[in-house]
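This report concerns only the one structure given below.
The values are calculated or read from the model by the stated rules, or taken from the named source; none is laboratory data. Quantities reported herein were computed from a predicted structural model and do not represent experimental measurements. Note that each Cβ is placed from the backbone with ideal geometry, even for glycine, and that neighbours are counted across all protein chains shown. Ligands, DNA and RNA are excluded from the accessible area calculation, which covers all protein heavy atoms including side chains. Shrake-Rupley method; radii C 1.70, N 1.55, O 1.52, S 1.80 Å.
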Amino acid sequence: QVQLVESGGGLVQAGGSLRLSCEASGGIFGVYDVAWFRQAPGKERDFVAVIRWSSTTYYTDSVKGRFTISRDNAKNTVYLQMNSLKPEDTAVYYCASGRRTGSATTRDNYGYWGQGTQVTVSS
C-alpha cells in the first residue's frame, strides 16, 4: 500500500526557514517523481517543486533561489528546505507521487497524495 506522510510544517516569521519531509512507503521511492504542491485558503493546489527519480529538480518561479528539494534514498524521504519565507508562502503543503505521464507540474497527473502539513508565515 502506497503511503506518503508529510511533516515539518509550523508557524514561522517572515524571513525564517522550515524543512518539510515526505516519507514514502509502498515501493514507489526511486520509481516515480516526488513533488510538492501547496494550497492557500480559497485557492487552487499549485505546483511548487519536483525531484525526478534521476534527482533532476524543477521549481516554480516564485520559489526559485529560496526552496530546495532533495531526497534521501536510504530513508525513502524527500525534503523541501524553505528559506527566506514570505507571508505569501502560507499554505497547506502536500507531497505527491505516482505520475505516469503528462506534465510534472500538473496536479491531476499524480495518483498518490499525502495528508498535507500547514505552513504559516507571519509578517
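Close amide H partners of residue 58, meaning residues 5 or more places away or on another chain with modelled amide H under 5 Å apart, are 50.
If eta is 1.567 mPa s and T is 4 °C, what Stokes-Einstein diffusion coefficient results for the chain, Kirkwood Rh from Cα pairs, in µm²/s? Here the translational diffusion coefficient equals 91 µm²/s.
Taking 101, 60, 68 as the candidate residues, the one with maximal mean-square fluctuation in a Gaussian network model of the chain, Cα springs under 10 Å, is 101. Straight distance only, please: which lysines reach the Cα of residue 64 with their own Cα at less than 20 Å, same-chain residues fewer than 8 apart left out? Those lysines meeting the cut-off are 86. Surface composition of the chain: carbon and sulfur make up 44 percent of the accessible area, probe 1.4 Å.
What does the charge count around residue 36 come to, taking other residues whose C-beta lies under 14 Å from its C-beta (Lys +1, Arg +1, Asp -1, Glu -1)?
Every neighbour counted, the sum reads +4.
For the peptides 23-29, 70-76, residues were scored by their other Cβ atoms within 10 Å and the scores averaged per peptide; the highest-first order is 23-29, 70-76. Among 78, 63, 34, the largest mean-square fluctuation in a Gaussian network model of the chain (Cα springs under 10 Å) belongs to 63.
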